[in-house]
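One structure is given here, and the rest of the page talks about it.
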Amino acid sequence: MSRNIVIQRPKVALLFGSFNPIHEGHLAILRHLLEKCSDISEVRLVVSPESPFKEGLGASAQERLEDARKAISRSGLPVTVSDVEFGLEKPLYTINTLRYLRETEPEKEFVLVIGADNIASFDKWYMSRAILADFEIRVYPRIGYDAAAFCERYNSLPQVKGVTLLDGALHNISSTQIRQNREHYDVIVIGGGVTGAGVARDCALRGLKVLLLEKGDFANGASGRNHGLLHSGARYAVNDAESAAECIRENMILKKIAPHCTESRDGLFITLPEDDLSYQKTFIESCLKSGIKAEAIDPNEARLIEPAVNPALTGAVRVPDGSVDPFRLTMANVVDARAHGAKVLVHKEVTGFIKDSGRIIGVNVRDVDDGGTKAYYAELVVNASGIWGAGIAALAGAKITMFPAKGTLLVFGHRVNNMVINRCRKAADGDILVPGESVTILGTTSTRVPFEEIDDVRPTRDEVELLLSEGTKIVPSLAGTRILRAYSGVRPLVASLDDASGRSISRGIVLIDHEERGEARGLITITGGKLMTYRLMAEMATDLVCKKLSNSKACRTAEEILPNPLVRNARFGGNLVCECENVTEEEIRYAVDNLEAKDLSMLRRRTRVGMGTCQGQLCARKAASMLPSGDGMKHFLQERWKGIVPVAWGDALREAQLTQWLYSDREQL
């Protein structure tokens, strides 16, 4: 009886590459082949004859070959460095090398080891089908590629010898990053608003190495230029049910994780004689469908629980609105991100992206203070820069159609109302009053502005008059209430071009994987949304980041309590600097030492110094003296003046004249 005897040939794994130079990622793959692949008896490095890098960055083939041999020798790994393909026909050196080895060493079986990025583009390889038919292929993971899916796809083709995935967390750092010992992260987040800070925090909580970059200061954009409404979602319930449902869920989460940033006073949606009372029924039904508690109450009860409301109201609905301090909320996320290992930098402007083989691997950054430049590297970049996101995307060759919707608001000299008050009608200008800390804020307008103006939007006298006209209908006493200042922000809306005001645009969240669009591999954009949904936006962006980085850790931001960024100061003791906002010397010192407060404007966003009734008139000089530079008064007062100009009449004008008299000689105003 005859038997068929199968002779198993020893398998030799061949890892092709430029190896410019050998780095830890390569060594991790080699160790895996040697230690985890029991059927592999030998491992060889095959140095490619051409460098893929630009002139001046690469090295000759012979230099790379020698460097690779030295690196392998230092590592102690039993790996052979091969130059066998040198001199073979180009650009077919891979297939020719494989065939050459098979002919010269027929007693061995050769296995090709390649990255998921290469298998992803295998269809473009000349003679790739011949490789698939004649040679076994092992694929190692690469960030941003679904290696398992590619293996499954090619294994389904006829006459394929075998394509398998190398398991395990193989280190994946581009050689261009290692070569010059560059600063490398898992993810770089662009934008220090509340969304960017939230993304940085979520990524850090999941164990990622994070860098957060902000060209100005934290909460310098729309995050710090809104009415501070703790949205119940009721405002969107009729026209945007999805956003309304997101708001009420996040409302409840934020009350739990950030009690020091929020104030739950509930809100009223009131109907005035000129409004359609039948709209109230539609409003309540829409709220309930979105999960928002909405209860119609008698107008007399509304007058009782909110004495400031217009007594002529004909209807009222109570909803779970409130207020939130956007500055404190942003800083809480920044502080927690840093506590979990994130690096956070302000006054750092991203001026361009660094690419390797078409993939974004880093950013070029300019220091706003001294003009210096530096490059930072990462596996992924998240664009969370609000209305500036379109410009950031353009630097990477990507496109986002954004709608810059300017909104202007007024700050009144004391807390006029204790509950949030809205008009119960379709959203319009000047139809919401939000109490916050020691003041009340009236908003907002909505006007499209050119992108050229987004860095310096200013309130106008016409906007102020419109807001006052509408606001006094809600609370008549506003007519005799001192206006502290006006301010404007720009909403980062993604919308069509046929809406002049932006009122009809959804406030929904927009998450863009630019790789799926075929625009920019390695770039993710998170935009749209609103202050209330920042945490959800951050979770969505971080989920995508983790998917691409093969990180399976779950989001914890809905349960983890946010820290109070100023919890360690002696807020309840020490000398007061700002009596309007009860800011102490200890609080200012802590902000300077720990929260990157470099000037008065930055100090204001961290402590609220100068945001109260005196608008810095009485406290700015003392606060400035505690800064390292000891100055900054002129810039601070000039910024305050921008908001006073459109309301410069009556008490506001007299206060401005007093401020000028106090500081004109010293600050040269």
Helices (runs of 4 or more DSSP H) wholly inside segment 240-334 that include at least 2 residues being touching a helix residue (DSSP H, G or I) at 6+ places or on another chain (Cβ under 8 Å) and open to solvent by 30 Å² or more (accessible area, probe 1.4 Å): 241-257
Filter result (more than 30 Å from Ile257 (Cβ to Cβ) and among the charged types (D, E, K, R)) within segment 508-538: Glu515, Glu516, Arg517, Glu519, Arg521
Top-ranked residue of segment 365-387 - restricted to ones that are part of a strand (DSSP E or B) and among the small types (Gly, Ala, Ser), ranked as farthest from Glu515 (Cα to Cα): Ala375
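Table: residues versus (1) modelled with pLDDT of 85 or more; (2) surrounded by fewer than 16 Cβ atoms within 10 Å (Cβ to Cβ).
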| position | (1), (2) |
| --- | --- |
| Ile7 | no, yes |
| Glu24 | no, yes |
| Ala28 | no, no |
| Leu33 | yes, no |
Selection from segment 632-647 of residues that are under 23 Å from Arg461 (Cβ atoms) and either β-branched (Val, Ile, Thr) or open to solvent by 30 Å² or more (accessible area, probe 1.4 Å) (or both): Gln638, Glu639, Trp641, Lys642, Ile644, Val645, Val647
Residue, modelled with the highest pLDDT, within segment 178-213, restricted to residues that are open to solvent by 20 Å² or more (accessible area, probe 1.4 Å) and part of a helix (DSSP H, G or I): Thr195
Which numbered condition Leu410 misses (of (1) under 22 Å from Ala302 (Cβ atoms); (2) in contact with a helix residue (DSSP H, G or I) (Cβ under 9 Å, 6 or more places away or on another chain); (3) surrounded by 16 or more Cβ atoms within 10 Å (Cβ to Cβ)): (1)
Residue check for Ser629: polar (S, T, N, Q) and either open to solvent by less than 10 Å² (accessible area, probe 1.4 Å) or in a loop (DSSP other than H, G, I, E, B) (or both): yes
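Tell me, which strands (runs of 3 or more DSSP E) lie completely within segment 464-533 with 2 or more residues that are modelled with pLDDT under 95 and over 26 Å from Asn383 (Cβ atoms)?
483-494
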Candidate set from segment 433-489 (those that are among the acidic types (Asp, Glu), over 27 Å from Arg265 (Cα atoms) and touching a strand residue (DSSP E or B) at 6+ places or on another chain (Cβ under 9 Å)); member that is surrounded by the most Cβ atoms within 10 Å (Cβ to Cβ): Glu463
Residues satisfying the stated conditions in segment 96-149, i.e. at pLDDT below 70 and closer than 14 Å to Lys11 by Cβ: none
Top-ranked residue in segment 534-557 [being open to solvent by 30 Å² or more (accessible area, probe 1.4 Å) and small (Gly, Ala, Ser); ranked as modelled with the highest pLDDT]: Ala554
Condition check for Lys634: charged (D, E, K, R) and out of contact with any strand residue (DSSP E or B) (no Cβ under 8 Å at 6 or more places or on another chain): yes
Per-region count, segment 388-399, residues surrounded by fewer than 21 Cβ atoms within 10 Å (Cβ to Cβ) and of a type outside the set (Lys, Arg): 4
Hits in segment 223-239 - residues which are part of a helix (DSSP H, G or I), small (Gly, Ala, Ser) and either without any contact (Cβ under 8 Å) to a residue 24 or more places away in the chain or buried (at least 24 other Cβ atoms within 10 Å of the Cβ) (or both): Ser223, Ala234
Filter result (within 24 Å of Cys546 (Cα to Cα) and surrounded by fewer than 23 Cβ atoms within 10 Å (Cβ to Cβ)) within segment 362-375: Asn364, Ala375
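The values are calculated or read from the model by the stated rules, or taken from the named source; none is laboratory data. This one's a predicted model, so the numbers in the text were calculated from it and none came from an experiment. Note: ideal-geometry Cβ built from the backbone for every residue, glycine included; neighbour counts use all protein chains shown. Ligands, DNA and RNA are stripped out before the accessible areas are found, and what is left, the full protein with its side chains, is counted by its heavy atoms. Shrake-Rupley method; radii C 1.70, N 1.55, O 1.52, S 1.80 Å.
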